[in-house]
Amino acid sequence: MLKRYKFMIFILVVGLIATTSYFYLTKDQRTYNQILTSHIRLVVTRENQTSFGTSVIFDEDSQYYYALTNHHVVDQATKIDGVDFENNIYQMDVINSSSYYDLAVLKFEKDIDLKTLKISEVYHLDDEIKAVGYPRSIFTISSGSIDRIDVVDFDITIQVIHHSASIDHGSSGGALLNAKNEIIGINFAANLDSQVSYAIPGIKINQYLSSIDYKD
């Protein structure tokens, strides 16, 4: 889905031509498994259209997991299915969604042991980062660094993280992680010309979460 100035929001719509995807496997298998089991692939239905995105688990209670994704991933959805690393399927309920932050909170019932990731507001220019998601419905971790933190000429007006890790169709809603595998951002878009990716920063994530009551 192309936007003005050749920005792309990464929801994969059925029928798009597939391109080459790739894997980045960390040497620490426990770290890789933690990242894998904290991300849920989203299958989003709107009338006669199906699209895909990503969500990351950030909290839990005795009955539910709570996951972050982008507002544009779930906006006007009539049904959202979540698929974990073992292909278990969950009904994902939208608790809250904000177009201002381009963030949304989903919840789904616990079934198997999944991981939660901590949100961090600490990040600096040139920090090494990892972008996680399900581009083309394939679990992918790509590496890069933070280029700058600035407003982007796009649908949202807040400052966002500009980084060099590659993301693709279906990556929206996936986490941007620091070296400690903490969530420092939620990926939402990229510039096709400059090959720069963008993420909602951790400080804005926490501002959003503090403004809502996502637990019953």
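The values are calculated or read from the model by the stated rules, or taken from the named source; none is laboratory data. If you're wondering where the values come from, they're calculated on a predicted model, not measured in any experiment. Here the Cβ is made from the backbone with ideal geometry for all residues, glycine too, and neighbour counts use every protein chain on show.
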Residue identified as in contact with a His (Cβ under 6 Å, 6 or more places away or on another chain) and among the β-branched types (Val, Ile, Thr) among 119, 146, 89: 146
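I'd like to check which strands (runs of 3 or more DSSP E) are fully inside segment 110-216 and have at least 2 residues that are of a type in the set (S, T, N, Q), touching a residue at least 40 places away in the same chain (Cβ under 8 Å) and surrounded by 19 or more Cβ atoms within 10 Å (Cβ to Cβ). Outline the logic, then answer.
Numbers: elements: 128-133, 140-151, 159-163, 175-177, 183-191, 196-201.
Of the strands (runs of 3 or more DSSP E) lying wholly inside segment 110-216, those with at least 2 residues that are of a type in the set (S, T, N, Q), touching a residue at least 40 places away in the same chain (Cβ under 8 Å) and surrounded by 19 or more Cβ atoms within 10 Å (Cβ to Cβ) span 140-151.
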Test: residue in segment 95-104 that is over 19 Å from residue 177 (Cα atoms) and either in the same structural domain as residue 182 (by TED's automatic domain parsing) or without any contact (Cβ under 8 Å) to a residue 24 or more places away in the chain (or both): no
Among residues of segment 86-105, those that are out of contact with any Phe, Trp or Tyr (no Cβ under 7 Å at 6 or more places or on another chain) and either among the hydrophobic types (A, V, I, L, M, F, W, C) or under 22 Å from residue 141 (Cβ atoms) (or both), counted: 6
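Residues 164, 197: which one is closer than 21 Å to residue 100 by Cα and not aliphatic (A, V, I, L, M)? Can you show your working first?
Values: 164 fails: closer than 21 Å to residue 100 by Cα.
Among 164, 197, only 197 is closer than 21 Å to residue 100 by Cα and not aliphatic (A, V, I, L, M).
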Pair list, Cβ < 6 Å and 6+ apart or interchain, from segment 40-57 residues that are acidic (Asp, Glu) to residues that are not in a loop (DSSP other than H, G, I, E, B): none
The lone exception for residue 90 - which of (1) under 16 Å from the mean Cα position of the chain (by Cα); (2) outside any loop (DSSP other than H, G, I, E, B); (3) assigned by TED's automatic domain parsing to the domain that holds residue 43 it fails: (1)
